[in-house]
Every structure is written in C-alpha cells, then in structure tokens.
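Below is one structure, written out as structure tokens; comments come after it.
The values are calculated or read from the model by the stated rules, or taken from the named source; none is laboratory data. Since this is a predicted model, take the numbers as computed values, not measurements. With ideal geometry, Cβ positions are generated from the backbone for all residues, glycine too; neighbour counts draw on all protein chains shown. Keep in mind that these areas ignore ligands, DNA and RNA; they rest on the heavy atoms of the full protein, side chains included. Shrake-Rupley method; radii C 1.70, N 1.55, O 1.52, S 1.80 Å.
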Amino acid sequence: MTFYAPFCIPFIVGATAMFVLLLWKWGSWFAHLAPADRMRFVRGVPTRRTLGAVGEVVCESLLHRRIFRVNPLLGYMHMSLAFGWFLLIAAGWIETMAYLGLRYVPLQGHVFFRYFATNLDHKPFFDFLMDLLLLFVLSGVALAWFKRLRSRALGLRRTTRHVPGDRIALTALWCVFPARLAAESLTCALYGGGGFLTGGIGGWLSEHAATEWLIRAECGGATPRCWASSSWRCLSRATCTSSPRYR
C-alpha cells in the first residue's frame, strides 16, 4: 500500500513548513537564553511542575477552559475546533495501527487513511468514531460561520478585525473539514463503508449520482484520463463490487 497521491502535496509541504518553523523558533529562543536560564530550564523540565504545565496547556489550548467560564457557547466552538482536531488525529493514528500494526506510515497516511485503505475490511467502531469526531468538529465550524455573520447572537459586542493573512488562515480552517466530509463521502459512495455520516451521504450519492460523476468529483478534475485512472484504482482493489454502485 502506497500512501501518496497528488492532493497530499499541499498537506506535506504545509506540515513540513510548520515543523521546521517550530523547531527554528524554539531553537532560537533557547539559544538566546542566558547560560544560567538554560541550566534552569533543563533542570526544571522533569519535575511535578512540568505535569502541571502540560495540564494547563491541555485545559487552555485544547479545552479553552477560560472561554467556557465566560461564554459556554463560544467555549464549545473553540474546543470543538481545537480538541476535535486533536482527537481526529489521535483516533486516526490508532485506527492506522489497528489495521496495519506497528509499521511505519507517513503522516499523510494517518490523516487520509480512508482514501488509501479502501481494500481493507471496515471496522464499524472506527467508522462510527471517526464520523462522530468529524461531526463534533463540523458543529464548531458551523458556529464559527454563524459568529462571523451574527456575532451579537453569541453575546459578542464587537469582533476582531483580522489582517488578510489571518483571514486566509481562518478560511482554510473553516473549509478543511467540510472538504474532508465531501471527500470521505465520495470515497464511501465509490468503495462502500463509512459510518452514520459519511456512509449515509455516500450511500445517498451512490443511489442518485452517476458513477462517472463520482469518479470525476473524486479526482477533482474532468479529464477522461483521470476517470480511467480512478476506475482502475477502484476495480483493481476489488472493492467496488461491494459498493451499492456495483451490485
């Protein structure tokens, strides 16, 4: 099984740039510390306070405890995006190990496992769990869209004025999960499987949409060559015969 497809390139480039930037930032901060502060940092990491700091990061960065205390609805919105994304990544990692064992899988293989693993037997537990987590994140995305349109309804008197770079980042964040829902639903429509969300949408698409349109949408293009490639991918894995489209 190869974990590569052209649509993974933006993700690979973005993830690589993020990790490189983080290492450079952390390394530059540590290098500019005074020698005494460096030793204090090294000696202070494996202590009880370290566990407390980790707990503080989880409570504020993932669960957004302080925002919950002020506005529960806004707290849920932030938590569903941050903590839900974390749970999707963690559950995807566990799902990959449940299918393939302790073997090396590149990062995009864990994130887009459903796309690459259409020839494996489906595990209903993971199908349900991944759909539930995706729905959890999508509920936060819906609240974020609503907040942008009707901020006063959520108790905000004024909103932050974002610079163009922030708007691009927010747009990407708000669109990535609906795009994932569409991609996984198309995969379920062509190859079967899925949980109550992606499997339900995929089943509806397989009954009401033409196979050529589904292949074309999965490819993201409209060339006959792309149709032929996707059809070969589908039939060569012997999975389409179990899909409602091929019964």
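Ranked from largest to smallest solvent-accessible area, with a 1.4 Å probe on the protein heavy atoms, ARG216, ARG161, ARG38, ARG66 come out as ARG161, ARG66, ARG216, ARG38.
Which FRET efficiency value, to the nearest 0.05, do you get for ALA182 and ALA34 by plugging their Cβ-Cβ distance into 1/(1 + (r/R0)^6) with R0 = 45 Å? Taking R0 as 45 Å, the efficiency between ALA182 and ALA34 is 0.30. Computed with every protein chain present, the accessible area of GLU95 is close to 10 Å² [probe 1.4 Å]. Think of the chain as having a plus end and a minus end, set by charges on the Cβ of Lys, Arg, Asp and Glu; of TRP85, LEU51, PHE116, LEU51 sits farthest toward the positive end of this dipole. Counting only Cβ charges, +1 for Lys and Arg and -1 for Asp and Glu, the dipole size of segment 40-142 around its Cα centre is about 660 debye. For the set THR160, THR187, THR50, the ranking by accessible area, highest first and with no ligand, DNA or RNA atoms included, is THR160, THR50, THR187 under a 1.4 Å probe. The charge dipole of segment 102-193, taken about its Cα centre with unit charges on the Cβ atoms of Lys, Arg (+1), Asp and Glu (-1) only, comes to about 760 debye.
Solvent-accessible surface of the chain, averaged per residue with a 1.4 angstrom probe and all protein chains in place: 64 square angstrom. Residues of segment 47-76 with backbone nitrogen within less than 19 Å of a virtual label 7 Å along the Cα-to-Cβ line of ARG148, please, listed as ranges. Those under the cut-off are 74-76. Taking the protein heavy atoms of the chain in the context of the full set of protein chains, the accessible area attributed to carbon and sulfur is 68 percent at 1.4 Å.
Candidate membrane-span-like segments in the chain, meaning DSSP H helices with Cα atoms spread over at least 27 Å of their own axis and a Kyte-Doolittle mean of 1.0 or above, are 8-31, 72-100, 124-149, with no membrane implied. Placing ILE215, ILE201, ILE89 in order of accessible area, with the largest value first and a 1.4 Å probe, yields ILE89, ILE201, ILE215.
Shape verdict for segment 107-213, please, from the Cα gyration tensor: rounded (a/c under 1.5), prolate (a/b greater than b/c) or oblate. Because a/c hits 1.5 or more and a/b exceeds b/c, segment 107-213 counts as prolate. Between LEU51 and SER139, the simple label model (points 7 Å from Cα in the Cβ direction) yields a spacing of 3.2 nm.
Say the dipole of the chain comes from +1 at the beta carbon of Lys and Arg and -1 at that of Asp and Glu; which of GLY192, ALA182, ALA36 then lies farthest toward its positive end? In the chain, that residue is ALA36.
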